[in-house]
Every structure is written in C-alpha cells, then in structure tokens.
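Asker: Got a structure for you, written out below as structure tokens; questions coming shortly.
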Amino acid sequence: MPSALFSPLTVRGTTFSHRVWMAPMCQYSAAADGPDAGAPTDWHVQHYGSRAAGGAALVIVEATAVVPEGRITPFDLGIWDDAQVAAHRRVVDLVHAQGARAGIQLAHAGRKASTDAPWRGGAPLGPDAGGWPVVGASPVPFADGHPTPTALTTDGIADVVAAFAAAARRAVAAGYDVVEVHAAHGYLLHQFCSPDSNVRDDAYGGTFEDRTRLVREVTAAVRAAVPEAMPLLVRVSATDWVEPAGWTGDDTVRLARDLAPLGVDMVHVSTGGNLPGVAIPGGPGYQVPYAARVRAEAGVPTIAVGAITDPAQAEQVVAGGSADAVALARPLLVDPFWPHRAALALGADLPLPVQYDRARALV
Ligand SMILES: Cc1cc2nc3c(=O)[nH]c(=O)nc-3n(C[C@H](O)[C@H](O)[C@H](O)COP(=O)(O)O)c2cc1C
C-alpha cells in the first residue's frame with residue numbers, strides 16, 4: 001500500500017509534495033526595535049531552511065504580527081511594514097530552493113501581547129520594561145498579574161481587519177505560497193470567539209454569530225487580499241477544555257462550516273490557550289479527534305497537530321481520514337530530518353538534498 005502521508009495534496013492551485021508539514025513555532029529571535037524590528041534574521045533563515053532541507057513539504061513560519069502591538073513578545077516576527085518584506089523573502093527563497101512550500105501565520109496576540117520571551121519567564125512586560133498597553137475583546141485580563149486589555153472600539157476592530165489584509169498582501173509580495181490566519185491559542189481572534197474573554201454587547205459579542213464576526217471578517221479580508229490560487233488556512237483552538245462552558249468542539253464545527261464559504265481551504269486544528277490553569281489531557285495525538293470532527297461534520301479539509309511523533313501514527317491520521325495533513329512542531333525542533341526518517345519507515349521515496357546523499361544509509 002502506498003503511503004497516504006507521503007502522497008501529494010493539491011489545494012487550489014498549489015500542490016504539496018506530501019502531507020508532513022512544519023507547524024508554526026515562535027522563535028522570539030527578531031530585533032525588538034530599530035530599523036529591523038520584527039524582520040526575519042539569520043536565525044530564521046537557517047531555522048526554516050533546515051526544516052525544508054529536512055523534508056517538510058510545507059514550512060509554516062511562526063506567528064507573525066500584523067501590527068507591532070500584536071506581538072506576543074518584543075522579539076516576535078512582524079509583517080506590518082513593507083520594509084519587512086525583503087527579509088521574509090530570504091526565508092521564502094531558501095525554503096523554495098529546498099523544494100518545499102512556504103507558509104506564514106498572521107497573528108495578533110490581543111490581551112496576551114507584551115510578554116517577555118519564554119526562556120526569561122514569559123511574564124507580562126509593562127511599558128517601562130519594553131512592553132506596551134494591550135487590547136482585547138473586552139477588559140478581561142488573561143490571568144492574575146496580566147494587564148487588563150482595552151476593549152477594541154469598532155474603529156479599532158476595522159483597523160485590525162485592515163492590518164490582516166495588508167499583512168497578507170505583504171506575504172504575497174514576499175513570495176509565500178500559503179497564508180494561515182491565527183485564530184487559536186487565546187490570541188485576539190480566539191479572545192473574540194470565546195465567551196470567557198468576550199463580554200461585549202455590540203455586534204462583536206454576545207451570540208455565537210457576533211463573537212465569531214471578527215474571525216469571519218479577517219478571513220474574508222485576507223482571502224480578498226491573496227491570489228485566487230493561494231491556499232488559505234485558519235488555525236483554531238477546537239476547545240477551551242472547560243466544556244460545556246467556554247469555546248467547544250461543537251462551536252468549532254459550526255465555525256468551520258461558516259468559514260468554508262469565505263474561502264478557507266483547510267482548518268488547522270489545535271486546542272486551548274485562552275484560559276490559564278486548565279487541565280489538558282495530552283497524550284499521543286490528543287487533538288486529532290477534533291480535526292476528525294471538523295473534517296467529517298463540517299466537510300472541511302483539516303490539518304491535525306499535537307503529539308504526533310511516530311511515522312505510523314502520522315500515517316494513520318491521514319490514511320484513517322482524520323485529517324488531510326499533519327503538522328509537527330517539537331519533533332522537528334530536535335530532528336529536522338523527521339520527514340526523511342518517516343518516509344523510509346513508510347516505504348516512501350523522499351530524496352535527500354543532493355549535498356547530503358552520502359548520508360542516505362544513516363537516515
Ligand atoms: C517553541 C514553540 C513555539 C510555538 N509557536 C507557535 C506559533 O507561533 N503559532 C502557533 O499557532 N502555535 C505555536 N506553537 C504550537 C505548535 O505549533 C503546536 O501546535 C504544538 O507544539 C503541538 O504540536 P507538537 O506536539 O508537534 O509540538 C508553538 C510551539 C512551540 C513548541
């Protein structure tokens with residue numbers, strides 16, 4: 001039986017050589033200020049280039065802020081200015097040179113913005129420590145010790161929508177093949193969706209339809225900003241893990257049904273991140289059932305992610321119909337050549353870069 005995981009996938013006008021993709025992972029390695037603030041650095045170029053050389057068919061560049069105040073940390077990537085496009089192009093060109101597709105995740109952290117890098121504790125940073133005032137759906141802080149966000153006005157919301165669209169246009173200019181809207185992990189779009197973080201009583205809060213209005217508006221604006229042939233992904237948190245309260249798996253299926261007609265090609269199914277201290281079950285493939293639900297019940301292609309570490313497990317996710325592709329995050333940090341090892345284990349042909357061919361027997 002040929003491997004389903006290593007079969008090509010065509011989405012709109014773009015073909016991916018197989019279905020092992022690199023999940024977005026913040027590197028917190030950009031300059032915080034100055035003329036190169038937010039622009040990819042040599043670290044990013046080698047990091048993403050290595051995973052492309054390692055065989056990932058799609059490399060999704062980390063959460064990249066559409067406005068400076070949407071950065072999680074001062075060291076996040078950004079694509080809020082035309083001046084950042086050239087540095088993104090360096091990443092894209094190297095990924096392409098390795099035969100992979102390049103994607104970018106467009107993000108706004110909302111109330112979870114303005115924190116320190118995780119390896120320095122990740123605490124909120126006040127304006128006197130290099131941070132900035134944060135915005136959100138409602139004046140509800142993420143957790144104790146986090147700042148109370150200023151609720152976005154209707155004009156502020158329109159600015160966010162426009163910023164996502166402008167960022168998408170810059171992503172196209174940089175040569176990216178795929179754009180992913182970050183609507184997961186408790187960042188701004190998720191904050192609007194979840195009733196725990198959105199207590200608005202205007203057109204952007206209250207009912208399911210009103211809470212999801214912003215993610216629909218952003219999605220439609222991004223779709224309109226990119227070429228017809230470009231795949232558009234939306235990453236969601238399928239549950240806040242406090243069901244039946246909070247944002248639920250049922251909500252996610254309903255949202256996926258609403259997003260598909262707006263031109264979303266695949267839903268990238270993660271979970272959690274909007275509420276602190278929530279018990280997440282974990283375990284191998286713990287989020288895969290949510291990807292399977294979206295695919296089966298909303299009829300939208302999915303990307304499964306989370307604790308997918310074994311080639312046979314990844315093969316089963318795709319062959320069994322839970323998802324159309326898998327995304328790996330931590331496994332690719334420690335082993336950029338995971339796709340090559342998986343291909344060998346599954347009897348698929350994935351040529352090493354010619355420069356590395358003499359190591360074939362060691363894969
Ligand atoms: C270092 C690191 C940075 C991450 N940054 C992002 C990010 O920028 N955007 C995002 O949606 N998820 C991010 N994630 C979550 C991963 O994309 C992924 O969903 C999660 O790690 C589970 O997959 P895994 O078990 O393969 O690591 C990050 C994870 C790690 C480990």
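The values are calculated or read from the model by the stated rules, or taken from the named source; none is laboratory data. Here the structure is a predicted model, which is why all the values come from computation and not from measurement. Positions of Cβ are generated from backbone atoms using ideal geometry, with glycine treated the same way; all protein chains shown enter the neighbour counts. These area figures cover heavy atoms from the full protein model, side chains too; ligands, DNA and RNA do not enter into them. Shrake-Rupley method; radii C 1.70, N 1.55, O 1.52, S 1.80 Å.
Asker: At 1.4 Å probe size, put W338, W119 in order of accessible surface, largest to smallest. Could you put the intermediate results ahead of the total?
Answerer: Working: W338 20, W119 160 Å².
Largest accessible area first, the list is W119, W338.
Asker: Now for a separate question. Residue by residue through the range 197-209, which ³J(HN,Hα) values in whole Hz follow from phi under the Karplus form 6.51 cos²θ - 1.76 cosθ + 1.60 (θ = phi - 60°), with glycine and proline marked x?
Answerer: In residue order, the calculated couplings are 10, 10, 10, 5, 10, 9, 5, 10, x, x, 6, 3, 4 Hz.
Asker: Further question: Can you give me the % of accessible surface on the chain that is carbon or sulfur? Probe 1.4 Å, all protein chains present, nothing else counted.
Answerer: Summing carbon and sulfur atoms, their accessible area is 55 percent of the total for the chain.
Asker: Between D82 and A224, what FRET efficiency comes out of the Förster formula 1/(1 + (r/R0)^6) with R0 = 25 Å and r the beta carbon distance, rounded to 0.05?
Answerer: 0.85
Asker: What residue among V135, V334, V160 shows peak mean-square fluctuation when the chain is described by a Gaussian network model with Cα springs under 10 Å?
Answerer: Result: V334 has the largest fluctuation of those listed.
Asker: Once the whole set of protein chains is in place, how much accessible area is left on T207, using a 1.4 Å probe, in Å² to the nearest 10?
Answerer: Rounded to the nearest 10, that gives 80 Å².
Asker: Okay, moving on. In whole Hz, what ³J(HN,Hα) sequence does the range 122-136 give by Karplus (6.51, -1.76, 1.60; θ = phi - 60°), x for Gly and Pro?
Answerer: With coefficients 6.51, -1.76 and 1.60, one gets x, 6, x, 10, x, x, 6, 10, x, x, 7, x, 9, 10, x Hz.
Asker: Moving on. For the range 289-363, what are the per-bin percents of Cα-Cα distances with bins 10 Å wide, up to the bin holding the maximum?
Answerer: Bins of 10 Å from zero give 19, 43, 27, 9, 2 percent of pairs.
Asker: Further question on the same structure: Express the Stokes-Einstein translational diffusion coefficient of the range 9-362 in µm² s⁻¹, to the nearest whole number, given a Kirkwood radius over alpha-carbon pairs, 20 °C and a viscosity of 1.002 mPa s.
Answerer: Once the numbers are plugged in, D ends up at 106 µm²/s.
Asker: Hey, another quick one. Per-residue HN-Hα couplings for the range 104-115, Karplus 6.51 cos²θ - 1.76 cosθ + 1.60 at θ = phi - 60°, whole Hz, x for Gly and Pro?
Answerer: Rounded to whole hertz, the list is 9, 9, 8, 9, 9, 7, x, 5, 9, 7, 6, 10.
Asker: With the radius of gyration and the Kirkwood radius both derived from the Cα set of the range 84-175, what is their ratio Rg to Rh?
Answerer: 1.08
Asker: Could you tell me how far the Cα centroid of the range 6-22 sits from the Cα centroid of the range 80-99, in Å?
Answerer: That distance is 20 Å.
Asker: Are there any chymotrypsin sites (Phe, Trp or Tyr not before Pro) in the range 282-363 that are in a DSSP loop and have at most 15 other Cβ atoms within 10 Å? List them by number.
Answerer: Y286
Asker: Can you tell me the orientation of helix 249-259 relative to the chain, as the angle in degrees between its alpha-carbon axis and the longest Cα principal axis, to the nearest 10?
Answerer: Tilt relative to the chain: about 80 degrees.
Asker: Ignoring ligands, DNA and RNA, how do C26, C193 rank by accessible area with a 1.4 Å probe, largest first?
Answerer: C26, C193
Asker: Let me ask something additional. Net charge near H268: determine it from the other residues with C-beta under 10 Å of the C-beta of H268, scoring Lys and Arg +1 and Asp and Glu -1.
Answerer: Summing Lys and Arg as +1 and Asp and Glu as -1 gives 0.
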